[in-house]
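Scroll down for the structure; my scribbles are underneath it.
The values are calculated or read from the model by the stated rules, or taken from the named source; none is laboratory data. Values in this document were obtained by computation on a predicted structure and should not be read as measured data. Positions of Cβ are backbone-derived with ideal geometry, glycine not excepted, and every protein chain shown enters the neighbour counts.
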Amino acid sequence: MKLLVFSDLHRDRDAARSLVERAEEADILVGAGDFAVMRRGIDDVIEILSGVDKPTVLVPGNGESDVELMEACSEWASAHVLHGNGVTLEGVPFYGIGAGIPVTPFGDWSFDLTEDEAEVMLADCLEAGVLVSHSPPHGHVDEAGGRHLGSRAVLETIERVSPRLVVCGHIHGQWGKRSTVGQTLVLNAGPEGQLLELPE
């Protein structure tokens, strides 16, 4: 199974158009959040991305809420917006959690979760699937300013269920970088998008 994974479009229409063009190469698209900028302009890129008729898994970032993303995707038949829930596509379970985890310093506009809230929402994540999380796991593709800004709840979930792949974003300086937690590949996708074969 070939996946086209991406994150952090932040209203970049050119990046969205490029992803639509590359979608022909993939079986499933995965978007790990931050389509908008400070809760504004989500329709700018969703309108373009909705031209993709292949199954697409999306989670909200901290730049838009789950409700805002679901509303923006309401006319996009092949899109699955996940936030504390999952979907099985072509026999593979996908589970998603959005928002900034832990709570960011950005203030009221940022859609955030505490680690405790995230832990509850991740409780039903299944083994051997794909975890899509806007926030990276703590200590993996999450460094900015000399600090690790990722989520401990996400890390503990990976250690507990060993997904085949984790797709994340959020930390811009880590776009395109990879890490591993045990046997699990963790990829901070970035807006250019990356095409990869789902690990066995």
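Any idea which of Ala23, Ala15 is in contact with an Asp or Glu (Cβ under 9 Å, 6 or more places away or on another chain), under 16 Å from Gly169 (Cα atoms), assigned to a helix (DSSP H, G or I) and not charged (D, E, K, R)?
One residue alone meets the criteria, Ala15.
Kindly provide the set of residues from the range 111-136 that are surrounded by fewer than 17 Cβ atoms within 10 Å (Cβ to Cβ), hydrophobic (A, V, I, L, M, F, W, C) and in contact with a strand residue (DSSP E or B) (Cβ under 8 Å, 6 or more places away or on another chain), ordered by number.
Of everything in the range 111-136, those that are surrounded by fewer than 17 Cβ atoms within 10 Å (Cβ to Cβ), hydrophobic (A, V, I, L, M, F, W, C) and in contact with a strand residue (DSSP E or B) (Cβ under 8 Å, 6 or more places away or on another chain) turn out to be Leu126, Ala128.
Among the candidates Ser65, Ser78, Ser74, which residue alone is surrounded by 18 or more Cβ atoms within 10 Å (Cβ to Cβ), over 12 Å from the mean Cα position of the chain (by Cα) and among the hydroxyl-bearing types (Ser, Thr, Tyr)?
Being surrounded by 18 or more Cβ atoms within 10 Å (Cβ to Cβ), over 12 Å from the mean Cα position of the chain (by Cα) and among the hydroxyl-bearing types (Ser, Thr, Tyr) holds for just one of Ser65, Ser78, Ser74, which is Ser65.
Could you list, in sequence order, all residues of the range 175-184 that are within 14 Å of the chain's Cα centre (by Cα) and either buried (at least 16 other Cβ atoms within 10 Å of the Cβ) or charged (D, E, K, R) (or both)?
Passing the criteria: only Trp175.
Within the range 149-164, how many residues are modelled with pLDDT of 95 or more, surrounded by fewer than 22 Cβ atoms within 10 Å (Cβ to Cβ) and not in a helix (DSSP H, G or I)?
Residues meeting the conditions: 2.
Just checking: which of the strands (runs of 3 or more DSSP E) contained wholly in the range 42-132 hold 3 or more residues that are of a type outside the set (Phe, Trp, Tyr) and closer than 17 Å to Gly169 by Cα? Spell out the reasoning first.
Working: elements: 56-58, 79-81, 85-89, 92-97.
In the range 42-132, the matching strands (runs of 3 or more DSSP E) lie at 56-58.
Let me confirm something: among Val103, Val141, Val87, which residue is in contact (Cβ under 8 Å) with a residue 40 or more places away in the chain and in contact with a strand residue (DSSP E or B) (Cβ under 7 Å, 6 or more places away or on another chain)?
None of the others qualify; the one that does is Val141.
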